[in-house]
Amino acid sequence: MNTIRQQTMIDKKSHTARNNNRPTISACMIVKNEEKFLSQCLTSIKGAVDEIIIVDTGSTDRTVDIAHSFGANVYHHPWNNSFSEARNHSLKYASGDWILQIDADEALEQADIPLLYKFINNDSYNVLFVAIYNELPGGSAKHYFQRIFRRGKAHFEGIVHNQLIFEGKALQSEIRFYHYGYNLSDHEMQKKYKRTGDLLRQQLAKNPDNVFVMANLVRNYRNEYDFDKVIDLAENGLKISETQTDLVSKNQRQRLSIDLAHAFLNINLVDKAESVCKKALIENPDSFDILLVLGEVLMKKGVYNDALPCFKKYLILKEKENKEPAFFLLSSDFYHYEPTVFNHIGECYKQLGQIHEAVVAYKNAIKLNNKSPLYYSNLIDLYISQNRLSDAKDLAFAAKKSGIANHLIYLLLGKIYTIEGKINDAIVACKQSISMDNLNIPAHVCLISLLIQINHLNEAGELLKNMLSLYPDEFTFLCLLERIKYKEGKRESSVFFVRNILQSNPPDQNIYLQLGDLCMEMKEYALAIEVFERYLTTTSKANATVIANIAVCYAKQGKLEPALFGFQAALTLDPNCSCALQNLAALKTTYQGCVTNHVKKAALNS
């Protein structure tokens, strides 16, 4: 070790001279099997630091070779189930005035190197906070951590999610690190959660009132979808920290609250989730995270008018933050989630019937993130519901051209072709959707329906047989089976099926819709009316399309007056109801004189 120390002192003098007497920096890292990210990390810091210290804890891949290729000083150390022990060991080899601690799955923002050099030239503090952006599937999070510190003035504690214990003062900074280690495959992430969870449970057993450890373990349970453990531990953690007013405790309370609300939401205890969020919002009314989660909770409750202000406030605060980033130690899991928020706003407006506002919101989501199939599919679906088929098709083709069209977008394209009467194109689109997701139930339903429509009953029957073997209780497939039987001339069997289901009084509203469609296909219009009216008694919200379908059934029976009344009622609920518009126009064409007289009579009576 003395030889190493003498050599590092010589290196330190040469580095200082070379860098115009600015303080020197040692990058210190611990690694194990990091070949996936290591080159990216070392490329980002090579020009910023004076030496790279890497402690390898047992790599079996190309990690060590990659480290050597960047001129790093590599040392080998056994893994003792403690991140802090390994990190503190790496500090022993450093010769720089300052330590830059970085992980292999992180990268330093090159544009911030001058800022780094400026800050380390000041003697009034020993530690620098940096802003770490975590790349996530839905956006990015932002957290502040102490990653740059004066050598000899700090050390690490905690076997996992370790904390820096330091002397003297710390300075806040917006030096940016980017973390890519949470945007991995499900298998890789679950393996990571298992390892982290084991270490956190060890740490909590030794110190059961450590809320920092507790919050990290709660997050780990959430990521493993173990919501019962999230609830038990988070509620306990909130009780322990509720009287503490320091910033660290406040931060952990916020994290615990978000994860607790998320757990309640996932087990459909929506009121409890709302209560947790509102209590947390009192303590921190400008939290991006709490505003977003509360908005999602209110969406789940169906109170879209209440959800919208949460999302809009998020965007207002975020616009201000983007212009002037403000240092805050509170975690922000949803820091760069503007596209998600706009998508939620679009859903709220859609549910409220404010279609123009919904379109604008969805377009903003796509503008901010044009690589997300979800935002495209939501807007395509909205266009289809408004019979804006040209807009829907253009957007679907744009997604295909950009290479992001997924199974859902191809399914929607299939629906567009179906409405246009291009059945063969619709079948091709549905098959493409299924090729991307072989267990895609909606795409199979659409494809089987199309095949029945063109009387390819054998192919439809084979597909249906395969799907029923996987999903024997899927009601949609049972209805499709009855459609095939009807096409084969077994009408009585299908009618018996409908009446048998009706007698069981199913609680699922969608069952009535599917039965009604089946009845209409069989031209059992009186039975269809009975089924659709049963649906309307099970819901508090009138459905314009269902009312229009009832009107169609009356029209098919030659009952003109109730048909007209039904179409007009549907259009009162939804002026853009395509079913009512198209059928009312057809009715006027077929029975022009009668319809005119009925309309005049209705006007006189009003």
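The values are calculated or read from the model by the stated rules, or taken from the named source; none is laboratory data. All figures in this text were calculated on a predicted structure; none of them were measured in a lab. Virtual Cβ from ideal backbone geometry, glycine too; neighbours counted across all protein chains shown. The protein model used for the area step is the full one, side chains on, heavy atoms only, and it has no ligands, DNA or RNA in it. Shrake-Rupley method; radii C 1.70, N 1.55, O 1.52, S 1.80 Å.
Residues in the stretch 27-54 that are more than 33 Å from the chain's Cα centre (by Cα) and within 16 Å of E106 (Cα to Cα): A27, C28, K46, G47, A48, V49, I52, I53, I54. Say we look at the stretch 184-207 and pick out the residues that are open to solvent by less than 50 Å² (accessible area, probe 1.4 Å) and of a type in the set (S, T, N, Q); which of these is nearest to K36 (Cα to Cα)? That would be T196. Could you tell me whether any residue of the stretch 498-510 is under 26 Å from N438 (Cβ atoms) and of a type in the set (D, E, K, R)? The answer is yes, given that some residue of the stretch 498-510 is under 26 Å from N438 (Cβ atoms) and of a type in the set (D, E, K, R). Assessment of the stretch 449-458 against the conditions (closer than 21 Å to F397 by Cβ and without any contact (Cβ under 8 Å) to a residue 40 or more places away in the chain) yields at least one matching residue. Only one of the numbered conditions (1) closer than 19 Å to A280 by Cβ; (2) among the hydrophobic types (A, V, I, L, M, F, W, C); (3) out of contact with any Lys or Arg (no Cβ under 9 Å at 6 or more places or on another chain) is violated by A307, and that is (3).
Looking at the structure I just gave you, is F496 modelled with pLDDT of 90 or more, hydrophobic (A, V, I, L, M, F, W, C) and within 28 Å of I448 (Cβ to Cβ)? Even if it seems obvious, please write down each step before you answer.
Numbers: modelled with pLDDT of 90 or more: yes; hydrophobic (A, V, I, L, M, F, W, C): yes; within 28 Å of I448 (Cβ to Cβ): yes.
Yes.
Apart from one condition, N210 fits all of (1) buried (at least 17 other Cβ atoms within 10 Å of the Cβ); (2) touching a residue at least 40 places away in the same chain (Cβ under 8 Å); (3) within 26 Å of F129 (Cα to Cα); the exception is (2).
Please list, ordered by residue number, the helices (runs of 4 or more DSSP H) wholly in the stretch 366-443 having 1 or more residues that are modelled with pLDDT of 95 or more and aromatic (F, W, Y). Full working, then the answer.
Numbers: elements: 373-385, 389-401, 407-420, 423-436.
In the stretch 366-443, the matching helices (runs of 4 or more DSSP H) lie at 373-385, 389-401, 407-420.
Of the residues making up the stretch 285-305, those that are more than 26 Å from G353 (Cα to Cα), of a type outside the set (S, T, Y) and either touching a helix residue (DSSP H, G or I) at 6+ places or on another chain (Cβ under 6 Å) or crowded, with 23+ Cβ neighbours inside 10 Å (or both) are D286, F288, D289, I290.
Condition first: in a helix (DSSP H, G or I), over 28 Å from S390 (Cβ atoms) and open to solvent by 80 Å² or more (accessible area, probe 1.4 Å). Can you find one or more residues in the stretch 467-485 that meet it? Yes, the conditions are met somewhere in the stretch 467-485. The residues in the stretch 237-266 that are open to solvent by less than 70 Å² (accessible area, probe 1.4 Å) and either within 22 Å of the chain's Cα centre (by Cα) or closer than 27 Å to Q190 by Cα (or both) can be counted, and the count is 17. Taking the criterion of being open to solvent by 90 Å² or more (accessible area, probe 1.4 Å) and under 17 Å from G489 (Cβ atoms), the only residue of the stretch 457-466 that qualifies is N458.
Listed here are the helices (runs of 4 or more DSSP H) enclosed by the stretch 1-89 that have at least 2 residues being more than 24 Å from L115 (Cα to Cα) and either modelled with pLDDT of 95 or more or open to solvent by less than 20 Å² (accessible area, probe 1.4 Å) (or both): 63-69.
For the stretch 255-295, the set of residues classified as touching a His at 6+ places or on another chain (Cβ under 9 Å) and closer than 17 Å to I231 by Cα consists of A273, V293, listed by residue number. Inspection of the stretch 332-341 identifies at least one residue that is surrounded by 19 or more Cβ atoms within 10 Å (Cβ to Cβ), modelled with pLDDT of 95 or more and of a type in the set (A, V, I, L, M, F, W, C). Which numbered condition trips up I113, out of (1) within 35 Å of the chain's Cα centre (by Cα); (2) touching a residue at least 60 places away in the same chain (Cβ under 8 Å); (3) crowded, with 19+ Cβ neighbours inside 10 Å? Evaluating I113 over (1) within 35 Å of the chain's Cα centre (by Cα); (2) touching a residue at least 60 places away in the same chain (Cβ under 8 Å); (3) crowded, with 19+ Cβ neighbours inside 10 Å leaves (3) as the failure.
Remark: pairs (first residue in the stretch 145-164, touching a residue at least 40 places away in the same chain (Cβ under 8 Å); second residue of a type in the set (V, I, T) and in a loop (DSSP other than H, G, I, E, B); Cβ separation under 8 Å; 6+ apart in sequence or on different chains) = R147/I102; I148/I120; I148/I175. Checking F311, F334 one by one, the residue that is in contact with a His (Cβ under 6 Å, 6 or more places away or on another chain) and within 30 Å of S377 (Cα to Cα) is F311 and no other.
Tell me whether the stretch 313-332 contains one or more residues that are among the basic types (K, R) and under 22 Å from S257 (Cβ atoms). Yes, the stretch 313-332 has at least one match.
Looking across the stretch 406-438, not a single residue is exposed (fewer than 15 other Cβ atoms within 10 Å of the Cβ) and within 15 Å of L374 (Cα to Cα). Selection of the stretch 223-257 for residues being under 20 Å from D286 (Cα atoms), modelled with pLDDT under 90 and among the hydrophobic types (A, V, I, L, M, F, W, C) yields L247, V248.
The stretch 497-589 holds helices (runs of 4 or more DSSP H) entirely within its bounds, and those carrying 2 or more residues that are open to solvent by 30 Å² or more (accessible area, probe 1.4 Å), of a type in the set (S, T, Y) and touching a residue at least 12 places away in the same chain (Cβ under 8 Å) map to 544-556.
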